[in-house]
Structures are given as structure tokens and as C-alpha cells.
Protein chains: 2
Amino acid sequence: MNTDLLNSVIEHAKEISVLSGTMALLEWDQHTYMPERAGEFRSQQITWLSGLIHQRHTNPVYGESLRELQRGLDEQSACSPEAANIRGLLRDYEKNVQLPESLVKATALATSIGQQVWVEAKAKDDFAMFKPCLEEIVRLRREEASILQTPGRTKYDSLIDQYEEGADSEQIRVVFEALRRDLVPIVRESIAREKARPTKLSLGKAFPIESQRRLSQWVAQKIGFDFERGRLDETEHPFCTTLGPHDHRILTRYFEDSYSSGLYGVLHEAGHGLYEQGTPADMHGLPAGSAASLGVHESQSRLWENMVGRSVGFWKWLLPTAQTYLPALAGLSVEQIVSDLNRVEQSLIRIEADEATYNLHIFVRFEIEKELIDGDLKVSDLPELWRSRYQEYLGIAPDTDTMGVMQDVHWSAGLIGYFPTYTLGNLYAAQLMETATRQLGDLDTMFAQGEFGPLLDWLKTNVHTKGRSMLPHELMLQVNGAPLDAKPFLSYLQRKLLSK
Amino acid sequence: MNTDLLNSVIEHAKEISVLSGTMALLEWDQHTYMPERAGEFRSQQITWLSGLIHQRHTNPVYGESLRELQRGLDEQSACSPEAANIRGLLRDYEKNVQLPESLVKATALATSIGQQVWVEAKAKDDFAMFKPCLEEIVRLRREEASILQTPGRTKYDSLIDQYEEGADSEQIRVVFEALRRDLVPIVRESIAREKARPTKLSLGKAFPIESQRRLSQWVAQKIGFDFERGRLDETEHPFCTTLGPHDHRILTRYFEDSYSSGLYGVLHEAGHGLYEQGTPADMHGLPAGSAASLGVHESQSRLWENMVGRSVGFWKWLLPTAQTYLPALAGLSVEQIVSDLNRVEQSLIRIEADEATYNLHIFVRFEIEKELIDGDLKVSDLPELWRSRYQEYLGIAPDTDTMGVMQDVHWSAGLIGYFPTYTLGNLYAAQLMETATRQLGDLDTMFAQGEFGPLLDWLKTNVHTKGRSMLPHELMLQVNGAPLDAKPFLSYLQRKLLSK
């Protein structure tokens, strides 16, 4: 392998990561501390930087170097980590180079403004205010999808591919249908049980924000999130972002009347953060130092949020501490809390949904996105379609667009094709937990003793440190010894919700 | 005037401001929220961006356009706002273009690392740890000074010129000597009075940080700082930074045992912030939308901190509110507080010093800097020289370097030539207050009623909105009708400290 050429390519990719980390800071700040009136200039900054990043991504010399390195790979070197980096960078290059800079900058501008308008429109329940922004974003993403479309695949597939490399909508549809078939009876039966014996706790505005902050920070640290390499802040819609090899930031929001909403935002985002912190820092900016896909990312967040965080063992460990931070939890038993946290119900808000109905929320978005990109669905028809699909899939419909089509930040940020990765993540998470249990023994007993290290180390070894050296489905196949499958997730739900 | 050429130049300059605002965010975050281990990557980002900004600053096409526009200025257009922009941008260009990018990037890297090491070395009182960083910074700044040096002026002059355009060290030395001659007796007499009748309050750790935060925020808002266009955060060493036309951030730090330290940090930095918020936002990134100089900047911060903030009127207004936020102030009179806040004493820490001795702290730094850049003073000799000069000028010397040569962030950030602007600011502030009082009437009576609007409006009209359309001494001459003069400051001190 031509070492000089390899080094120049690596240097170029790392330089891009310096810029991407700067972009991530501009966005993180926009969502946390930026003053109200600074948004317009911030959008200019983001637009400008996105153009610069795109220029670097599509530098012809860089592209030609990658192609030459790829050509030089022989049988011996094809399996090396360097080869995986070259292949990953070249795939990215081949996609990026198709996109005109004007489109990339227009999308950055539209989504930066879009997110700011979304926050205000959501607060005011004013879809008409958000509509022109969303129309522009959909128009730009359709254009991008047309450009990236490959033979035999749909436009929407090309957007999905940006988040879950190698996946397509038909394959996802098949898995989702299989899942839905067995999920619906589980949901129906769980809701019937909940009606017969309600488990919902009603505790009022009993949870001071400051106490929740401290408890959440404590929990994140205990499950292994490294605060020397990260932080926890607050924002409208929880997320996790990477600003550098040692800079991973998680964000949540707290409500005085909920002990769980903020905390589970943290557990979810810390799951993402643990993954990012587990990728090889010295490979930051290269495929070997990146996450495999958003589906794999979601497997980590959903695993920590739900499979760890809503388990009996976890609450056996946490309850005494939680009661010292939040005295309103005094007198409650582990069983009461765990039942409250796992009750299945028809609900409107995805990120507050239980693990079973959660996927129904995803199905709604997946179908709408497909119609929006591959069909001719209009943005103006979204609120109504949203209501009717919720009625059909979840048996309820929102009275407001704030609780409906405007609940999620994603579309305002241009993230179309992203939602299906949430359900993929649920399925991968269940498969990973099955494999981990097989190899490590009973995890719930460990959680009850506050021992999260064995699970985290296992995930580090088998998932995090692998980076993006393989396609996501290849990585999951390697760890689990089986392809993507809804069954482990369904049996997990069956066991958790209907075994008692 | 060639409008197309003018527009292209303005667009280029505004593009630079988009990048400078990004740089300011990287630095603000480094000083506030950045995780501990993220510093190394952050330094890379700052270095890289500084190179990019320098490239734009020195773009030959941009430079040639500026020269052509300058040549095209006739008598009629020479006084227009556009002409002021062209002249200012061209002056910047002519200076920037002399500096090699390698030097600019090396300085950015050295100062980004320098600030991080300084924080740690200061905390540990370990000058040896900081020394290599400071040596590198001094070496780079000496090199820069040599490059920028012009005939008849010293190397140090060329650094001062970066902060106070048109000023030089000899002119400053003369003013400082005149000031010192009359200041020393005032200090001596004030200290004698303080010894005869001590006014220092000893209140213990009675001031909860959270209450101080809320009080400071309230005060900053009342004097006119616009929180829709800015914020207040905390850091090791207070500062104010501009991230965009509507994004001005002030930073302070609080101590539980002081009701005033955090608050006066805020008043000082809010003074800077008010100036920045008062410059024309639509001219952001151009001379017409920039501050005139650091001396003028300091005139605003010192004016709000001292001439407003330590006045009797201000405390007549503030005390009742301050007592509700900080109950430990209950029972104290306005006179007690004002005496406490204006007592003159020999002290070690510049930013905590009273208004009279403050300038002695500046004289020490000014002389040391001159020897460091124009002479052959070694960094390793700094701690000892610091102690001996403090002994000479202030009659006391620090036991530690934390309280001595490492107390200020400036040198770690490469800011050499900056300190003299603090005393220039004091002198300008007194001249401005004399002029404002002549034109507006008795300000103290207004302050006592919480009326800060008239003074702020006057400053906006006469200083803030003028931007950098003139050289700083020209602007001050225009407002005050008199050149830089130490007398108004000396009579102000005389009146305040020795009239009773």
C-alpha cells in the first residue's frame, strides 16, 4: 500500500472531522445556550461551514487518491483496518461528489432555519407557520434523493442508506410487517391487562428539576458515561452529539411532574454517548473510529434506556438512591415503579411511548416518509394524514399538531429516512441482549448490584471498537451469529409484559 | 465609487466575520462548558480555523480590490461611511498580509494550549509548568512584532497598535507618568484614611452563588444589557465576547464570601457587552460595525463597573433589591457599602483592585511587557521581577505566582500590548463622564432612581454607533472636545476619595 498516499488521505479526512466537530458545536450551542435573536447569523455560519465541508468531502485529488488506494488493495491487504477505512471513505466520497454544493448549502440553511421555526411553531401549535419551511426541506431532500437514487432502488432508499448503509425500504417493510403481525396482539393483551389493573402512578409536580438533574448525572456516570469526555445539558428535544474524539454531549429535558421523562432521556442519549465514547478515539474522523450506522446507534440507546433502564434489576439498584434525590418516590416499591415504567398504553408522543407501542409510532412515520419521498404526498396534507394513521395504528389521534406531526425535531432538521432506524435499533438491541446474556450470564442480577461494567465492556469489545469497519448488518451478523430478526424482540416483550 | 467592487469587498469581510464568530464560539465553549479532555482537539480546531481566517484576510484579490477602492475615493466620497469602511479594512489587510500563515497558526495553537495550561498551572501555583508555553508565546509575539514594526516605532508599539490603533508606547509612557505623579499622593492619603477609619466589611461566606447569579443577571438587564441578544455565564477569568451581530456573551465568576466580586465582574463585562450591542448590527464584520479600540472598549467597561457601579446613586437604587437576593446585606447602609467598595488598599490582584491603585497594577505590566518585547527580559525572570515591581509600586509582593505573575489570563492568550488599554480606558471613562454630566445633568440622581437609559443612550449616540469609523483618539477628541488627559480621572478620584 502506498503509505504516503494513505497518510495524505487520512490527514484530509481528519481535517474534515475538525470542521464537522466545529459544525456540531454550532448546532449544539443553537440547541442549548444561543441567545434568542442570534439564530439568523447562526444559520449563515452553519450554511457557510456546510459548503466548506462539502468542498473538502468532494475534493477531486482526495477522491482520486482514494480510488488509487482502493485499486492497490490486494487479497492480503483487503482485510486490514486500513482497507476498511479506504473503502468507507471512498463510499462516502462517491456519494458526496454527486451532490452540488448549492444543494448542500441550501439544505443546511433550510434545516438550520427549520429547526428554529419548528421550536416556535411547536410552542404555538401553529403548523401553518412551520409548513413553508418543511415544504422547502422536503423539496431539497427529494432532489437529493433523486440524485443519489441507484437502479432497482427507490428515492427513499437512497435517504435510508445515509443512516443505515445497505438497507432499503422494501427489506425494512418486510421486517416491520412481520413485527407488526405479532406485536399487535401483544399490545392488545397488554392494554387489556393495564385496564384491568392500572399501574400508572400519579404523583403530581413532585420532582424538582435540580434534583432530577443531579440524579440523572449520577446515573449516567454510574452506567459508565465519562464526564471528563462529555457533558449533560438541556434542550427542547433530547439528543447526543459528538464534537471531537473526547467530547460527547448528551441533552435531555425535565418536567416537574415526571420522575422518569428526563431520566430516560438521559439513559437513551447516554446509550448513544457510550457508543461514541467506545469507538477508537485515535481513529476519530475515519470509518474505523465512527459508529456503524444509526440503527446500530439506536440499538445502544434503546438497550440502555429500556432493556437495562426499565428492568427490575436496575430499579432494585436505583430505587434507594432515587428516593434520596426525589423524596416523592418514598414508599414506592420496585415493583410499582417497574410496572409504571413498563405499562403499555395508546399514546401520542413517540419518545414517551412504551417499548411495545413505540414501534407503531415508527410505522406511521416510515409510511408517511415513503409517501412523501417516493409518492406525491403534500406537506399540507401531513397533519390530517398523521391523525388518521394514528387513529388506525394506535387507536387515538392528537387534538393538536404539537402533539401530532410537529412532535419530533427530525423533519425540521432534514432527517427523513432516519425514523426506521429506531425500530431496527429495538430489534438489534434485543438480539444483542440475547447474545450478551448467553455469553455473560444473568444480567439482571448484575444490574441489581449496580454492575454495568460487564455489559458495557462486552458492547465495547463486540460493537463499539469495531467502528464502521463493516456494513451494519454484517456487524450485527458477526456479533449475534444471526441476521436481523424480530423474534428476540417479540419474545423479550412477551416475557416482560405477559409472563406474569 | 465602484459599487460592484465595494459589494464584493463587503461580502468578503462579512464572510470573515462568519468565521470569526465561529472561532469566538470555539473559544467561549473552551472557557465554559467544554469537557476536560476535549482541549487538545479544540486547539486543533482553533489552529485550523485561524489559518483559514488568515487566508481570507490576506486574499490578494480582496487586497487589490481594497486598494482600487481606496484610489477611487475623491474629496466628496472621502468622508462617507463607505470610505471609512474601506480605509479600515485596507489598514487591517496591510497588516495581516505581512504575517505568514504559519506564524498565525502557530500563535493560535500556542495560545489555545497556553490558556489550558495556564488554568492548571495557576490552580497548582506551578510557574515551571506554564513557563515553556509562555516562552513559546513570547517568542511568537516577538516575531510578529518584528514583522509589523514600522520606522520610528518600537516592536512593542506594533503590538499596542493591534489593540489601540495609532497609539504608541512613548506617548502612553508620558501620560502614565503624568498620571502616576498625581496618583501616588492620592493613593497614599486614601490608604492613610482607611487605616484611620477602616471601612472593610467582613461578612463571611454569606452569599450563595445561585443568589448572586440571579442578582447579577437582574442588574445587567436593568442597566440595559439585552438578554435576547446575549447571555451570562461563568468562567475562570471574566470576559466578554461577540459571536455574531446579535450574540454577545459576558462571563464572570462568583465567590461565596464576596457579594461584590461576581457582580463587578458582570458590571465590567456588561459594559463591554453594551458597547458591542450598541454598534450597528447591520454593519457587523465591517469597521463601521466594530468597536473603535480596546481603550475605548475599556472606557465603557470601567465606566459601568466603577463610575456607575461604585457610585452612591447606584447603591441607593440597588441596596433594597440586593438585600432581598442577599439577606446577609441586611442592616447595612448605602454609605457602608459604598465605602467598602471604594476603599483604597495595597493589593495583589488587579481585577479586584480599587480604582486608584488599579493603575499601578497596569504600570507594572506595561513596563514588564515593554522589556519583554523591546528588551531582553527572559520569561524565567518574570516571577522575580513581578515581585520586585509590586514591592516598588504597591508596597507589597505576592507569596505565590498564582497571586503574582500568573493571575491574569492575558499572556497565556497571547495578549501582549493589551494591558495599557485598561488605564487608557480609565482616563477616557472619566473624560466621557465629565462630558456626559455637562450635557445630561446630574447622573447620580438618575442612578438613584434606576434610570440608566439616558447615560446609555448618550454613549450609544456618541460612542457605540460610531463604530471604528475613526481612530480611537479622534473619536474621543470628537466626543469630549479635548485630547487624552489624566486630569478628569484624577479630579474624579480626588472628589470621590478625599473630599469628605
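Throughout, read-outs are computed from the coordinates displayed, never taken from laboratory work. Please read all numbers here as calculations on a predicted model, not as lab measurements. Counting neighbours? That spans all protein chains shown, and the Cβs are built from the backbone with ideal geometry, glycine included.
Its residue count N fixes a reference of 2.2 N^0.38 Å for region A:99-147, and the Cα radius of gyration divided by that reference is 1.21. Across the identical copies, the 7 Å label point of residue A:392, projected outward along Cα→Cβ, sits 8.7 nm from its counterparts, in ascending order.
The mean number of Cβ atoms from other chains found within 10 Å of a Cβ in peptide B:30-39 is 6, as a whole number. Computed from the Cα positions only, the extents of region B:313-447 along the three principal axes stand at 52, 38, 27 Å, in decreasing order. Tilt of helix A:487-498 relative to the longest C-alpha principal axis of chain A, in degrees (0 to 90, nearest 10)? Here the helix axis deviates by roughly 20 degrees. Treating each Cα of region B:169-498 as an identical point scatterer and summing with the Debye formula, the log10 of I(q)/I(0) at q = 0.15 Å⁻¹ comes to -1.41. Show which aspartates and glutamates lie in cross-link reach of residue B:500 when reach means a straight Cα distance below 16 angstrom and same-chain residues fewer than eight apart are skipped. Filter leaves B:189, B:194, B:335, B:340. When peptides B:253-262, B:359-368, B:211-220 are sorted by average Cβ neighbour count within 10 Å, with the highest value leading, the order is B:359-368, B:211-220, B:253-262. Just tell me which lysines come within less than 27 Å, Cα to Cα, of residue A:205; anything on the same chain fewer than 8 places away is out. Straight-line reach from residue A:205, under 27 Å: A:122, A:124, A:195, A:222, A:316.
Relative to the compact globular guide of 2.2 N^0.38 Å, what is the alpha carbon radius of gyration of the protein assembly as shown, as a ratio?
Relative to the 2.2 N^0.38 Å estimate, the protein assembly as shown comes out at 1.03.
Of all aspartates and glutamates in the structure, the ones whose alpha carbon falls short of 12 Å from that of residue B:378, not counting any fewer than 8 places away in one chain, are B:135, B:136, B:369.
Each of the peptides B:46-53, B:286-293, A:186-193, B:97-104 was scored by the mean count of other Cβ atoms within 10 Å over its residues; in descending order, highest first, they stand as B:286-293, B:46-53, A:186-193, B:97-104. Computed from the Cβ-Cβ distance with R0 of 56 Å, the FRET efficiency linking residue A:500 to residue B:349 stands at 0.25. Considering only B:498, B:362, B:377, and ranking their Cα positions along the charge dipole of the protein assembly as shown that arises from unit charges at the beta-carbon of Lys, Arg, Asp and Glu, the one farthest toward the positive end is B:498. Helices in the protein assembly as shown, meaning DSSP H runs of at least 4 residues, each add -39500 (n - 2.57). Divided by all residues, the mean residue ellipticity at 222 nm is -21000 deg cm²/dmol. If you fit an axis through the alpha-carbon atoms of helix A:39-57 and take the longest principal axis of the Cα set of chain A, what angle between them do you get, 0 to 90°, nearest 10? Orientation of helix A:39-57: about 50 degrees from the principal axis.
The spacing between region B:42-98 and region B:432-461, judged by their C-alpha centroids, is 36 Å.
With N counted as the residues of region A:125-268, its alpha-carbon radius of gyration over 2.2 N^0.38 Å works out to 1.44. The mean count of C-beta atoms from other chains within 10 Å of the C-beta of residues in B:227-239, rounded to a whole number, is 2. Over all distinct Cα-Cα pairs of region A:395-499, the Kirkwood formula returns a hydrodynamic radius of 16.3 Å.
Rounded to the nearest 20 debye, the dipole magnitude of chain A is 1040 debye, with +1 charges on Lys and Arg beta carbons, -1 on Asp and Glu beta carbons, and the Cα centre as origin. Basic side chains Lys and Arg get +1 at the Cβ, acidic Asp and Glu get -1 at the Cβ, and with that the dipole of region B:212-316 about its Cα centre reaches some 340 debye.
Each Lys and Arg adds +1 at its Cβ and each Asp and Glu adds -1 at its Cβ; summed about the Cα centre, the protein assembly as shown shows a dipole of about 1840 debye. Using alpha carbons only, how many degrees (0 to 90, rounded to 10) separate the axis of helix A:312-325 from the longest principal axis of chain A? Here the helix axis deviates by roughly 80 degrees.
Beta bridges per DSSP, both residues in the protein assembly as shown: antiparallel share near 50 percent. Placing a label point 7 Å from Cα along the Cα-to-Cβ direction at residue B:143 gives distances to the equivalent points in the other copies of 4.5 nm, listed shortest first. A 19 angstrom limit on the alpha carbon distance is what I want to check against. Which of A:155/A:370; B:460/B:487; B:14/B:105; B:460/B:496 exceed it? Pairs exceeding 19 Å: B:460/B:487; B:14/B:105; B:460/B:496.
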